[in-house]
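Report on one structure; see the data block that follows.
The values are calculated or read from the model by the stated rules, or taken from the named source; none is laboratory data. Note that the coordinates shown come from a computational prediction; the quantities given were computed from them, not determined experimentally. Cβ placement follows ideal geometry from the backbone for every residue including glycine, while neighbour counts extend to all protein chains displayed. With ligands, DNA and RNA removed, areas are computed over all heavy atoms of the protein, side chains included. Shrake-Rupley method; radii C 1.70, N 1.55, O 1.52, S 1.80 Å.
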Amino acid sequence: MSFVCCNVNEVKATLAQNKTLCPSILTSIENNNFTVLPGFVDVHVHLREPGYFYKESIETGTKAAAHGGYTEVCSMPNLSPVPDSLENLRVQLDLIEKNAVIGVHPYASITKGQNGTELSDMEVLAPYVAGFSDDGKGVQNPELMKAAMIEAKKLGKIIVAHCEDNSLLNGGYIHDGEYAKSHGHRGICSESEWGPIKRDIELLKETGCAYHVCHISTKESVALIREAKKQGIDITCETAPHYLLLNDSMLEEDGRFKMNPPVRSEEDRFALVEGLCDGTIDMIATDHAPHSEEEKSRGLEKSVMGVVGLETAFPLLYTELVKKNIISLEKLVKLMSINPSKRFNIPIGESFCVWDLNKEYRIDKSTFLSKGRSTPFENALVCGKIVLTVRNGNIVWIDK
């Protein structure tokens, strides 16, 4: 039977309890036509609510996640109000309780209003959040970051760092590479990412804080994190499917190719894949960042940054990494489920997803459940169709 890193008896019991919905699914699993994987865990998702309902909501975002095989996600704090106090966080927690179809574990912000000048109410917030992040903005002040690390260490929480040096951006919006030069675009240099990582590694040596780097995209970031791990520093990192599968020669003059950090060079992409294979990169997150169609329709220069990914991540990675023998299916499961679950202490429980790995199709944004439709992978040919997603024994998505 086709089970990968799953509790076979739990899966059988859940499907047996839902005989009216799942008889053919169980038969297909037993005939090795479908494959059962543990529920995926995405530690970097923008659900946009409260504050930006027109981009996404707790309901649409979690339905999109379930449609992609995810049963747990961590929601980023660039919201309105920013979850920098318990009062503000409760707005989001109430929405999660009311509308989420899967598990949502919010981050609180590192700084008040994500303004980078004063720490949030970290001690009060700690029991309710997965960690602390100012995602979308890097903490520019090293002394403030050190103070945040010390407080997070005391509270037993992880710092989830968006590493970006604002002084090096110079108005850039894509990678400072050949495409930018040949098409007259302003580029973002790689040091704007790896510089803050290098800074924070030195701070980690002083504080001993648990620390996770968001969406790494450069070869230098991989090298720095690899060396830090050798030194025993408590550091993990993620990358996203678009950094593993694209390089800047593949860019088009379209907002669906614009995200932060940007897709970088082939040399960077290769280093990320290498880091994935040798364990330097611990997990793959989507950085699912939905925007309205109007916001993404202004071309490469003027569109806002961010692409969606919850509903395409597994088929893309299975097709491009597993089927091409770069990594095994078991390794991909660890990157998308087991490793993030362990690092962020998010139990998967009796959660799993069922896939028809032989089903070939083209990605069609019109089928997305997310409000966001901007993906650089529109019309890509992939293998792997979601059949069923179950969280803690409850069906949260099924292909009827």
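Val333 - would you say it is more than 13 Å from Thr312 (Cβ to Cβ) and modelled with pLDDT of 95 or more? Answer is yes for this residue. Out of Asp135, Asp121, one residue alone is among the acidic types (Asp, Glu) and under 28 Å from Asp278 (Cα atoms). It is Asp135.
Of the residues making up region 270-288, those that are in contact with an Asp or Glu (Cβ under 9 Å, 6 or more places away or on another chain) and open to solvent by 10 Å² or more (accessible area, probe 1.4 Å) are Ala271, Asp282, Asp287. Annotation: of all residues in region 245-256 being surrounded by fewer than 18 Cβ atoms within 10 Å (Cβ to Cβ) and not aliphatic (A, V, I, L, M), the one that is nearest to Asp268 (Cα to Cα) is Ser249.
Restricting region 130-155 to residues that are out of contact with any His (no Cβ under 9 Å at 6 or more places or on another chain) and among the polar types (S, T, N, Q), the residue that is surrounded by the fewest Cβ atoms within 10 Å (Cβ to Cβ) is Asn141. Of the numbered criteria (1) surrounded by fewer than 23 Cβ atoms within 10 Å (Cβ to Cβ); (2) touching a Gly at 6+ places or on another chain (Cβ under 9 Å); (3) more than 20 Å from Val43 (Cα to Cα), the one Arg362 fails is (2). Take region 80-125 and flag every residue that is over 17 Å from Gly136 (Cβ atoms), surrounded by fewer than 21 Cβ atoms within 10 Å (Cβ to Cβ) and over 22 Å from the mean Cα position of the chain (by Cα). Answer for region 80-125, where residues must be over 17 Å from Gly136 (Cβ atoms), surrounded by fewer than 21 Cβ atoms within 10 Å (Cβ to Cβ) and over 22 Å from the mean Cα position of the chain (by Cα): Ser85, Leu86, Glu87, Arg90, Val91, Asp94, Lys98, Glu118, Leu119, Asp121, Glu123, Val124. Restricting the first member to region 312-331 and to residues that are open to solvent by 10 Å² or more (accessible area, probe 1.4 Å) and of a type in the set (Asp, Glu), and the second to residues that are modelled with pLDDT of 95 or more and in a helix (DSSP H, G or I), the beta-carbon pairs closer than 7 Å and six or more apart or on different chains are Glu320/Leu245. Take Ser75 and decide whether it is open to solvent by 10 Å² or more (accessible area, probe 1.4 Å) and modelled with pLDDT of 95 or more. So Ser75 does not fit the description; no. One residue stands out in region 375-384 among those that are open to solvent by 20 Å² or more (accessible area, probe 1.4 Å) and either hydroxyl-bearing (Ser, Thr, Tyr) or in contact with a Leu (Cβ under 8 Å, 6 or more places away or on another chain) (or both): the one that is nearest to Gly299 (Cα to Cα), namely Phe377. Residue pairs whose Cβ atoms lie under 6 Å apart, separated by 6 or more positions or on different chains, with the first residue in region 356-367 and closer than 14 Å to Asp399 by Cβ and the second of a type in the set (Lys, Arg), are Asp356/Lys385; Lys359/Lys385.
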